[in-house]
Amino acid sequence: MDVKPVVPEARFRIDSLAVERFKAFGVPQEIMLAKTHCFMFGANVRGKSSIVEAIRWGLIGSERDSDGLGSLAAKSKGVSG
């Protein structure tokens, strides 16, 4: 059986992200994403999740996962929410 990938090839690429007045970003910030890999690391409450949420909001107009998988994953780890 021949299985085809859901997304056969990249159709677009985000080279940079400009964020202003969104969650943790009060002042304008430009984040370069043009390289092959982008690693985000830093102390808690410094905006790592806000970057991902800004991309999601820009692409689909939503900040949170609407299918509930985030809460399901937390429950499976024994985290109450």
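The values are calculated or read from the model by the stated rules, or taken from the named source; none is laboratory data. Model, not experiment: these values are computed from the prediction. Cβ sites come from the backbone with ideal geometry, for glycine too, and all protein chains shown count toward neighbours.
Starting from residues that are at pLDDT below 85 and either of a type outside the set (A, V, I, L, M, F, W, C) or not in a loop (DSSP other than H, G, I, E, B) (or both), keep the ones in the stretch 1-22 and report whichever is surrounded by the fewest Cβ atoms within 10 Å (Cβ to Cβ).
Applying the filter and picking the extreme gives 2.
If you take the residues of the stretch 27-39 that are exposed (fewer than 10 other Cβ atoms within 10 Å of the Cβ) and either on the phi > 0 side of the Ramachandran plot or at pLDDT below 85 (or both), which of them is nearest to the chain's Cα centre (by Cα)?
Among those residues, the one meeting the criterion is 37.
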